Ligand code: NDP
């Protein structure tokens, strides 16, 4: 393929990071086993960090962010992938220090690729994207603890965000009663199945107490910081909460008492390096029994040209649900 294609590009100039849509050639892509025509990508919080110069995410610019991509294989040097295969790539190094999904073509190692499962379209796979995959990993970790719907309410923090909204929808579909913690309008979360919506301030304890009233049978936290600490202190005896994010802060103001007096568990979730051998089963669940009826309602579909605006919105905590980037 010799024709130019469209890509979002971030350049560093005088300490500032400038975003624009540029033309690229296939030869500009990094070496790799499989070249993919990207149909959809999606916006995650980490993409916004990469697009605005966070060197913890992306070390070198010019760079094309985008930790997610779904599309069709164009060519492959790996025997497992053939032209026409419909595939998903999320995580690993895509969009971090490898040219990412915010462009019409990507080239990646074969070992980063998952086949699009039956029951999911390319668009739906990117409505999920890394956020949905992380929500699914969080649900999976919680279910492994044995918590049942009858045990009580499951709290989800950052509930209107990408990970949070999909976690609310999956848990509700599985019959759990969900308490959503959000500073946004309750209607959206109720439409995803939340039975209760609490303002963030109510899960941001400032009392200094080491334990709080045991309210929740489990939790999916997407924000970290004092909000996660409040959840840990509010768990029932033996309950667990997952942790995947840090928009509320990295430090965790906690004591050991919830762990040693109530046997609660804090379960870490990482979607980036999650083994490829285990990804298929998670995507299969996301395509079938866990797939929320409201999945398409979660998506706001935009072209590449509108992405810069959404990047600033997600950094300001203003995005609701998932932003899908249409590339084909
Ligand atoms: P979003 O920006 O879509 O959602 C985050 C939500 O958190 C916001 O919508 C808002 O929801 C809430 N929020 C925003 N600012 C604050 C704040 N200061 N304190 C508390 N809550 C806040 O992000 P994602 O859902 O895509 O990601 C959530 C987190 O998970 C990020 O930190 C991200 O980096 C991390 N992540 C980690 C992964 C992993 O593999 N470990 C993978 C994917 C994401 P509301 O208004 O409803 O409260």
key: Qualifying residue in segment 88-97 (condition: away from the ligand (no atom under 14 Å from the Cβ), closer than 18 Å to residue 57 by Cα and buried (at least 20 other Cβ atoms within 10 Å of the Cβ))   = yes
note = Pairing a residue in segment 114-142 that is in contact (Cβ under 8 Å) with a residue 24 or more places away in the chain and on the phi > 0 side of the Ramachandran plot with any residue that is in a helix (DSSP H, G or I) and surrounded by fewer than 21 Cβ atoms within 10 Å (Cβ to Cβ), where Cβ atoms lie under 8 Å and the two sit 6 or more apart in sequence or on different chains, gives 119/287
remark   = Exception for residue 189 within (1) more than 9 Å from the ligand (Cβ to nearest atom); (2) surrounded by 22 or more Cβ atoms within 10 Å (Cβ to Cβ) falls at (1)
ask   = Name the residues in segment 286-324 that are part of a helix (DSSP H, G or I), away from the ligand (no atom under 13 Å from the Cβ) and either in contact with a helix residue (DSSP H, G or I) (Cβ under 6 Å, 6 or more places away or on another chain) or modelled with pLDDT of 95 or more (or both), would you?
value = 286, 287, 295, 304, 305, 306, 307, 308, 309
key: Residue that is nearest to residue 147 (Cα to Cα) [pool: residues in segment 241-268 that are within 16 Å of the ligand (Cβ to nearest atom) and outside any loop (DSSP other than H, G, I, E, B)]   = 241
message = Yes or no: segment 269-285 includes at least one residue that is in contact with a strand residue (DSSP E or B) (Cβ under 8 Å, 6 or more places away or on another chain), within 16 Å of the ligand (Cβ to nearest atom), modelled with pLDDT of 95 or more and under 28 Å from residue 204 (Cβ atoms).
response = yes
message = Regarding segment 218-231, can at least one residue be identified that is within 16 Å of the ligand (Cβ to nearest atom), crowded, with 21+ Cβ neighbours inside 10 Å and over 22 Å from the mean Cα position of the chain (by Cα)?
response = yes
request  = Please state which of the following conditions residue 194 fails to meet, knowing it meets all the rest: (1) more than 13 Å from the ligand (Cβ to nearest atom); (2) under 25 Å from residue 319 (Cβ atoms); (3) part of a loop (DSSP other than H, G, I, E, B).
outcome  = (1)
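The values are calculated or read from the model by the stated rules, or taken from the named source; none is laboratory data. Here the structure is a predicted model, which is why all the values come from computation and not from measurement. All Cβ positions, even for glycine, are placed from backbone atoms using ideal geometry, and neighbour counts span all protein chains on display.
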